[in-house]
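Here the structure comes first, spelled out in structure tokens, and everything after it is commentary.
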């Protein structure tokens with residue numbers, strides 16, 4: 001009978017919302033815990049523009065869903081990470097009732113767990129369309145947007161949460177503010193959270209990250225150490241101390257990290273972080289071979305979860321070389337967006353790009369931002385349209401201008417200082433140098449290049465949270481570096497003078513001469529502040545944050561020599577690129 005009752009209400013809802021509401025309210029007097037009746041009542045009230053009352057019924061339906069045996073079964077499967085069992089349960093429920101917002105939210109959580117954040121976003125927007133007051137779904141939507149680097153949209157959703165001071169939501173808000181560059185506000189928020197939840201090691205670590213970024217090094221170390229005190233096997237917090245590069249570990253720290261490796265509570269993630277941190281500790285003590293052994297184990301563990309196929313990068317470089325010929329660019333001369341604002345710093349990670357950024361952002365006309373995700377996001381969208389990159393042949397002038405404008409629009413939120421130029425320091429954009437010229441022909445491009453063995457071993461010693469899967473194997477590192485050199489040599493040939501190269505060792509040898517040449521290549525007047533870059537107190541959001549707050553030094557130069565025998569896979573993969581450095585073979 002209950003199914004027939006729902007059917008009659010749904011029929012009435014299609015014709016007369018007031019009648020449907022009356023039927024719902026009548027039946028709810030006997031069945032106040034019926035989630036579907038609350039959902040139908042809410043739909044009727046929405047149709048009657050009685051939104052406040054509708055929200056109460058939506059909330060009641062969500063609360064009642066907690067006792068639904070089908071959703072309980074799905075929730076237990078999600079809790080146990082049995083996603084293959086949870087998914088058919090949830091899809092079955094939504095086939096029967098596509099308006100069940102609790103089931104929609106749970107399916108969105110499942111999508112987020114497997115990295116399908118765009119699908120999670122669509123599901124959560126549907127849930128909020130049906131139940132705008134569904135606070136948990138709105139917080140989940142903010143998370144899904146944050147994971148997709150839709151940072152401004154994530155903040156907009158967080159602004160719409162009306163739930164007082166919720167520590168979990170405040171923590172997400174602080175992370176979003178950090179990505180937007182509002183570090184002081186994020187720090188204040190973390191401090192407020194920690195005043196109520198001082199026993200949360202992950203929040204102490206996030207607080208430490210924000211402090212590090214604004215140059216409060218001692219405070220950041222204290223925050224990281226608070227995290228390790230709360231959870232001694234917290235590998236990421238130990239690595240965060242090591243990643244400052246200027247902080248040192250003592251014997252007690254090393255013993256604690258070694259004990260943590262054998263802690264039953266340590267995860268695989270903890271262990272690879274601990275090995276990276278121990279590598280740094282042993283390196284600081286001059287034990288190069290012991291350090292290498294820890295780095296090798298860290299990279300082995302990391303690679304398990306971050307597979308990489310070097311041949312894919314090689315094929316991508318081949319495709320770019322085939323497409324971006326002199327004739328291709330000559331036929332499209334004058335196309336693209338004329339905005340001169342961006343300065344792209346490209347190359348490999350750990351090649352001195354943060355130093356170049358710090359020098360340039362000390363100039364009165366240039367704003368430093370961060371490693372922006374916007375160009376790869378545009379490429380990902382273009383890939384959905386057809387064969388990449390050959391589809392670029394068919395784009396008309398209007399579309400090329402629009403793509404350049406899309407990049408300018410996406411990055412506008414990062415620009416706070418009103419300066420005419422801004423920096424995008426994402427190293428991996430070297431693979432998109434041709435696209436940059438195509439859609440932003442007046443943008444500047446700077447290639448930061450460092451000795452292959454210094455650069456390669458530095459990458460091998462660095463744990464990257466994401467995006468640098470090539471760095472966890474020495475052979476892959478060598479192939480990646482060689483492909484990068486090959487593509488940039490091609491760009492130099494087909495677009496002579498388009499890219500200005502800063503060779504790290506030359507910058508160390510002659511800072512003023514190289515800085516003057518860099519500024520001249522970018523059409524900027526020389527400013528003394530660019531030589532005193534270490535006095536710039538701007539927030540720096542990369543692993544080199546502490547290093548670039550010091551004058552130019554050679555501390556990182558030649559560290560590969562102590563482990564040259566272990567670097568043979570890197571040397572072999574580099575091939576003639578190593579002998580020809582800094583030129584292309």
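Looking at the stretch 177-211 only, could you name the residues that are in contact with a helix residue (DSSP H, G or I) (Cβ under 7 Å, 6 or more places away or on another chain), surrounded by 15 or more Cβ atoms within 10 Å (Cβ to Cβ) and not in a helix (DSSP H, G or I)?
180, 181
Output the qualifying pairs, or none if there are none: Cβ atoms under 6 angstrom, residues six or more apart or on different chains, first residue in the stretch 260-277 and not assigned by TED's automatic domain parsing to the domain that holds residue 461 and part of a loop (DSSP other than H, G, I, E, B), second residue surrounded by 24 or more Cβ atoms within 10 Å (Cβ to Cβ) and modelled with pLDDT under 95.
Taking only residues 6 or more apart or on different chains, not a single pair turns up.
Report whether or not residue 351 is closer than 21 Å to residue 568 by Cα and touching a strand residue (DSSP E or B) at 6+ places or on another chain (Cβ under 7 Å). Give the derivation first.
Working: closer than 21 Å to residue 568 by Cα: yes; touching a strand residue (DSSP E or B) at 6+ places or on another chain (Cβ under 7 Å): yes.
Answer is yes for this residue.
Out of curiosity, is residue 174 under 17 Å from the mean Cα position of the chain (by Cα) and either touching a residue at least 24 places away in the same chain (Cβ under 8 Å) or not in a helix (DSSP H, G or I) (or both)? Steps first, please.
On the way: under 17 Å from the mean Cα position of the chain (by Cα): yes; either touching a residue at least 24 places away in the same chain (Cβ under 8 Å) or not in a helix (DSSP H, G or I) (or both): yes.
For residue 174, the condition - under 17 Å from the mean Cα position of the chain (by Cα) and either touching a residue at least 24 places away in the same chain (Cβ under 8 Å) or not in a helix (DSSP H, G or I) (or both) - is met.
Take residue 443 and tell me if it is touching a strand residue (DSSP E or B) at 6+ places or on another chain (Cβ under 9 Å) and not assigned by TED's automatic domain parsing to the domain that holds residue 282.
Numbers: touching a strand residue (DSSP E or B) at 6+ places or on another chain (Cβ under 9 Å): yes; not assigned by TED's automatic domain parsing to the domain that holds residue 282: yes.
It is true that residue 443 is touching a strand residue (DSSP E or B) at 6+ places or on another chain (Cβ under 9 Å) and not assigned by TED's automatic domain parsing to the domain that holds residue 282.
Could you tell me which residue of the stretch 411-426 is nearest to residue 352 (Cα to Cα), considering only residues that are surrounded by fewer than 22 Cβ atoms within 10 Å (Cβ to Cβ) and touching a helix residue (DSSP H, G or I) at 6+ places or on another chain (Cβ under 6 Å)?
Once the filter is applied, the top-ranked residue is 411.
Considering each of 78, 110, 83, 124 in turn, give the residue that is on the phi < 0 side of the Ramachandran plot, surrounded by fewer than 18 Cβ atoms within 10 Å (Cβ to Cβ) and in the same structural domain as residue 45 (by TED's automatic domain parsing). Even if it seems obvious, please write down each step before you answer.
Numbers: 78 fails: surrounded by fewer than 18 Cβ atoms within 10 Å (Cβ to Cβ); 110 fails: surrounded by fewer than 18 Cβ atoms within 10 Å (Cβ to Cβ); 124 fails: surrounded by fewer than 18 Cβ atoms within 10 Å (Cβ to Cβ).
Selected residue: 83, the only one of 78, 110, 83, 124 that is on the phi < 0 side of the Ramachandran plot, surrounded by fewer than 18 Cβ atoms within 10 Å (Cβ to Cβ) and in the same structural domain as residue 45 (by TED's automatic domain parsing).
For residues that are touching a helix residue (DSSP H, G or I) at 6+ places or on another chain (Cβ under 8 Å), under 15 Å from residue 178 (Cβ atoms) and not in a helix (DSSP H, G or I), tally how many sit in the stretch 212-239.
2
The values are calculated or read from the model by the stated rules, or taken from the named source; none is laboratory data. A quick note: this is a predicted structure, and the numbers were derived from the prediction, not measured. Methodologically, a virtual Cβ is constructed for each residue, glycine included, from the backbone with ideal geometry; neighbour enumeration extends over all protein chains shown.
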